[in-house]
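**Student:** Next up is a structure, given as structure tokens.
The values are calculated or read from the model by the stated rules, or taken from the named source; none is laboratory data. Since this is a predicted model, take the numbers as computed values, not measurements. Heavy atoms of the whole protein, side chains included, go into the accessibility calculation; ligands, DNA and RNA do not. Shrake-Rupley method; radii C 1.70, N 1.55, O 1.52, S 1.80 Å.
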Amino acid sequence: MDIKENLANNLIKYRKIAGITQAELAEKLNYSDKAVSKWERGESVPDLYVLKQLADFYGTSIDTLISDPMAKPKISKDKKRLRYVIAICATMLVWLVAVCVFSFVDIIIPTITHTWMTFIYALPITFIVLVVLTAVWKKKITTAVMVSALVWTVLLAVYLSLFHFLVAPPKTLWEIFLIGIPLQIIIVFWSIYKKNKN
């Protein structure tokens, strides 16, 4: 798409979002509705002054008005860095809590065995946090990877809990991991569907 076509498509989109007609827009800009119609058909382009008026009226920028409306917005490097910092801090917070729980339980109630399981339980909690963050940030593939990791770490936590806390764990306890196979297939197909949908 060229700039004229981008502008035409964006002008139509923003006018419809604003819920006004071409005539109403023309009246606000002190232009004829024929001029607005030509802009929206891509036959002409408003001058810079009017373009600035349009951007201000729609609460956007001139750059946005002339950009491809189908293009995904680019995330700045600062925003990417901030997301990494948030993800790392959130993960470290989960592990800080795990270390505190492990230490305090070990100090206060030394008779409790398997306190190291605290770190196993921290794994799925970490991935829950990362699933939420990546979903909020609309990172579909990363979210799918985090959901996969969540499934397998939950299964690992359940397996180890049963193995260590049951008096006589069954020899077939490993079969609990078979639950992960259909779940993994569902996650893969769902992520492919979501990717193709957009």
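**Student:** For a 32 Å ceiling on Cα separation, which of these pairs sit above it: Lys52/Lys195; Lys38/Lys140; Lys13/Lys194; Lys13/Lys79; Lys13/Lys140?
**Tutor:** Those over the limit are Lys52/Lys195; Lys38/Lys140.
**Student:** Right, another one. Bins of 10 Å, beginning at zero and ending with the bin holding the largest distance: percent of Cα pairs per bin for region 110-198, please.
**Tutor:** 16, 38, 28, 14, 4, 0
**Student:** In whole Hz and in residue order, list the ³J(HN,Hα) couplings for region 152-163 that follow from phi through the Karplus curve 6.51 cos²θ - 1.76 cosθ + 1.60, θ = phi - 60°; x for Gly and Pro.
**Tutor:** So the Karplus estimates, Gly and Pro as x, are 5, 6, 5, 4, 4, 5, 5, 4, 5, 4, 5, 4 Hz.
**Student:** At what distance in angstrom do the alpha carbon centres of region 42-119 and region 126-171 lie from each other?
**Tutor:** Each part reduced to its Cα centre gives a spacing of 22 Å.
**Student:** Using the Karplus equation 6.51 cos²θ - 1.76 cosθ + 1.60 (θ = phi - 60°), what ³J(HN,Hα) coupling, rounded to whole Hz, does each residue of region 131-144 give in order, writing x for Gly and Pro?
**Tutor:** Coupling constants for region 131-144: 4, 4, 4, 5, 5, 4, 7, 6, 9, 4, 5, 4, 4, 4 Hz.
**Student:** What part of the accessible area of region 1-154, given as a whole %, is carbon or sulfur when the probe is 1.4 angstrom?
**Tutor:** Ligands and nucleic acids excluded, carbon and sulfur give 67 percent.
**Student:** Give the label of the value calculated from the structure for semi-axes √(5λ) of the Cα gyration tensor in Å, choosing from (1) 57, 20, 11; (2) 30, 18, 16; (3) 38, 18, 13.
**Tutor:** The calculated read-out lines up with (1).
**Student:** Given the whole protein assembly as supplied and a 1.4 Å probe, what does the accessible area of Met146 come to in Å², nearest 10?
**Tutor:** For Met146, solvent-accessible area is about 40 Å².
**Student:** Further, regarding this structure: Take Cys100, Cys89 and sort them by solvent-accessible surface of the protein heavy atoms, 1.4 Å probe, largest at the top.
**Tutor:** Largest accessible area first, the residues go Cys89, Cys100.
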